[in-house]
């Protein structure tokens, strides 16, 4: 199902009980997220391409980057490690 939201964002994907749930794509003025949703929030594995050229590939919990992931900076540098409540906290690898 494809839904346009009042703030101009768009969601295409699965719903459950009126909330984004399952696989989907969410496009906002700041980023494009492709991945899993649970009860309306990014949860599980997903890839987020930010409009500034950076990118995050990894796990999300309750809409925040959390767990193993890779953040690609605009400069070409990347951080591969563990995220906790959106913050980079320890390097893996």
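Only one of (1) without any contact (Cβ under 8 Å) to a residue 24 or more places away in the chain; (2) closer than 22 Å to residue 11 by Cα is not met by residue 60, so which one is it? Looking at each condition in turn, residue 60 falls short on (1). For segment 14-36, the set of residues classified as under 14 Å from the mean Cα position of the chain (by Cα) and farther than 14 Å from residue 48 by Cβ consists of 20, 21, 22, 23, listed by residue number.
Within segment 63-93, can you find the residues that are in a strand (DSSP E or B), more than 23 Å from residue 13 (Cβ to Cβ) and out of contact with any strand residue (DSSP E or B) (no Cβ under 7 Å at 6 or more places or on another chain)? Within segment 63-93, 87 is the sole residue that qualifies.
With a requirement of 1 or more residues that are surrounded by 15 or more Cβ atoms within 10 Å (Cβ to Cβ) and touching a strand residue (DSSP E or B) at 6+ places or on another chain (Cβ under 7 Å), the strands (runs of 3 or more DSSP E) lying completely within segment 2-56 that satisfy it span 10-16, 19-27, 31-38, 41-50.
Throughout, read-outs are computed from the coordinates displayed, never taken from laboratory work. Quick caveat, the model's predicted, so the values are computed rather than measured. With ideal geometry, Cβ positions are generated from the backbone for all residues, glycine too; neighbour counts draw on all protein chains shown.
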